[in-house]
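Colleague: If you scroll down you'll find the structure; I have some questions about it.
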Amino acid sequence: MGRPFCGLLVVLALSVSVAIRAQDREIPRGIQAQPGAPEPPTPAFQAAMQSNSTIVTVDGGGTVTTGTLTKSLTVGKEDFEAVLKDARTLRENFAKIEAFFAQRNIKDAVEFAESGAKGVDELEKAANAKTRAGAARAQLTIAMSCRRCHLAHRAHVLTYPLKYGIIVGGV
Ligand code: HEC
């Protein structure tokens, strides 16, 4: 590839990034106005999600989940008190998430939140019985509820910087 051509590519790349930066950083109003358009998350919704992800991280590389639960369930170093504390936080978060989607009458999302809460019941039971395997299984149930809801209701909205929205219509 000749030098002038390389130079042109750099200029092109720069102008594209300037153009993107100049765009509205919020979800464009035109998109928000369309029926079934993703709803921007509220700060409370995002806070519950971020709290979730310190406990169970689900959007990683597709291997084991990371987060405080995995740490507390390390073989030989189990900390069931810490698991119970995380379970309480997850329970509060799932209740908030369920209420959010119930308010919008979105049945499958409510069910995902309920199945997460069921996972929390199993997690608490296992932590009280101090069984690591049971707690790890419950962790998986919880992570699956996060993933299923994300697949169905988490939409990437094209903005700069990138933003996600909540699919509230049509399901
Ligand atoms: C019933 C649906 C539902 C469940 C259950 C759910 N999420 Fe979410 N989550 C969403 C939606 C929709 C978004 C998109 C909005 C957003 O990105 O803020 C989201 C966004 C997120 C984000 C990004 C938050 C941000 O900073 O904006 C994280 C992190 C996250 N979820 C983690 C989790 C984890 C971990 C769990 C399980 C313990 C979980 N979520 C369970 C629907 C759900």
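Conditions (1) touching a helix residue (DSSP H, G or I) at 6+ places or on another chain (Cβ under 7 Å); (2) charged (D, E, K, R); (3) at pLDDT below 95; (4) not in a helix (DSSP H, G or I), marked per residue:
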{"residue": "Thr54", "(1), (2), (3), (4)": "yes, no, yes, no"}
{"residue": "Gly60", "(1), (2), (3), (4)": "no, no, yes, yes"}
{"residue": "Thr63", "(1), (2), (3), (4)": "no, no, yes, yes"}
{"residue": "Thr70", "(1), (2), (3), (4)": "no, no, yes, no"}
{"residue": "Leu84", "(1), (2), (3), (4)": "yes, no, no, no"}
{"residue": "Ile97", "(1), (2), (3), (4)": "yes, no, no, no"}
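Colleague: Scan region 80-113 for residues that are surrounded by 15 or more Cβ atoms within 10 Å (Cβ to Cβ) and acidic (Asp, Glu) and jot them down.
Modeller: Residues satisfying the conditions are Asp86, Glu98, Glu111.
Colleague: Turning to a different aspect of this structure: Being at pLDDT 80 or above and closer than 18 Å to Asn105 by Cα is the filter; apply it to region 156-171 and report the residue that is farthest from the ligand (Cβ to nearest atom).
Modeller: Per the stated criteria, the residue is Val168.
Colleague: Could you say whether any residue in region 115-132 is under 19 Å from Gly169 (Cβ atoms), part of a helix (DSSP H, G or I) and within 14 Å of the ligand (Cβ to nearest atom)? Please lay out each step first, then the result.
Modeller: Within region 115-132, the first condition is being under 19 Å from Gly169 (Cβ atoms), and the residues that meet it are none.
No - not one qualifying residue is present in region 115-132.
Colleague: OK, next. Can you tell me which of Phe101, Phe112 is within 8 Å of the ligand (Cβ to nearest atom) and in contact with a Lys or Arg (Cβ under 6 Å, 6 or more places away or on another chain)? Quick ask: steps written out before the conclusion?
Modeller: Details: Phe101 fails: in contact with a Lys or Arg (Cβ under 6 Å, 6 or more places away or on another chain).
Just one listed residue meets the conditions, Phe112.
The values are calculated or read from the model by the stated rules, or taken from the named source; none is laboratory data. Only a predicted model underlies this, so the values are computations on that prediction, with no experimental measurement involved. For neighbour counting, all protein chains shown are included, and Cβ atoms are generated from backbone atoms with ideal geometry for every residue, glycine included.
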